[in-house]
1. Could you list, ordered by first residue, the pairs with Cβ atoms under 9 Å in which the first is in the range 159-176 and on the phi < 0 side of the Ramachandran plot and the second is surrounded by fewer than 13 Cβ atoms within 10 Å (Cβ to Cβ) and of a type in the set (Lys, Arg), at least 6 apart or interchain?
2. May I ask you to say which residue of 98, 12, 57 is in contact with a helix residue (DSSP H, G or I) (Cβ under 6 Å, 6 or more places away or on another chain) and within 13 Å of residue 179 (Cα to Cα)?
3. Being over 17 Å from residue 77 (Cβ atoms), modelled with pLDDT of 85 or more and of a type outside the set (Lys, Arg): is that true of residue 115 here?
Amino acid sequence: MSSQDLPSILQQLHQNISQNNHQTSTTLLTRAKIALLHQNALVPTPTTSKPLLQSAQQVLETGALISIRLQDPAAFTRYFQQLQPFYTLPSSSGKHSQRSKVTGLYLLLLLSQGDYAGFHTLLEGLDVAANQAHEQGTGKGLEEDEFVQYPIRLEQWLMEGSYDRVWDETKSERVPSEEFAIFSDVSRNLSRRRLSSR
């Protein structure tokens, strides 16, 4: 399998996602990751071409979003961790990048797990990176990022004890994307499991 196969696989992946055919998507993801593995592109290196890096990032981001749709937070976390080396690259915020959405969903996952230390640590790193990019004129501030602002608002309301606002926000059309609405179901299931195990 070659790098020429990747665009075709990515196109098939996006078609399957739009048709809510997520089980077939996992098979396509496996094929894409094998193709990337054969080209040593699952982890970015200085010798990896920019187009291949962008394809690898797109495959991993698609995997993360499919994991949310399949309500598999463990797989989503693995994809998020695999994406971190890509997100340190200057080319990681291209026009096809889902970086902001994936990061916002990960913040939401940390929040749903009660990992406030992890939530704030990640948020601090994002704030520093956003400020640097904004100063260099290559990015926007966190306050302009709807995907990151959503979990920030929820966390603020949780700290205030405004649980009804959190509930309303997660049950409404105000979620920034379909994955955030799906994630609300995932987080409710996680909460139920935690309560029943006590």
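The values are calculated or read from the model by the stated rules, or taken from the named source; none is laboratory data. Bear in mind that the values here come from a model prediction, so they are computed numbers and not experimental data. Reconstructed Cβ throughout: ideal geometry from the backbone, glycine too, with neighbour counts over all protein chains shown.
1. Close Cβ pairs satisfying both conditions: 168/174.
2. Details: 12 fails: within 13 Å of residue 179 (Cα to Cα); 57 fails: within 13 Å of residue 179 (Cα to Cα).
After applying the criteria, what remains is 98.
3. Working: over 17 Å from residue 77 (Cβ atoms): no; modelled with pLDDT of 85 or more: yes; of a type outside the set (Lys, Arg): yes.
The answer is no for residue 115.
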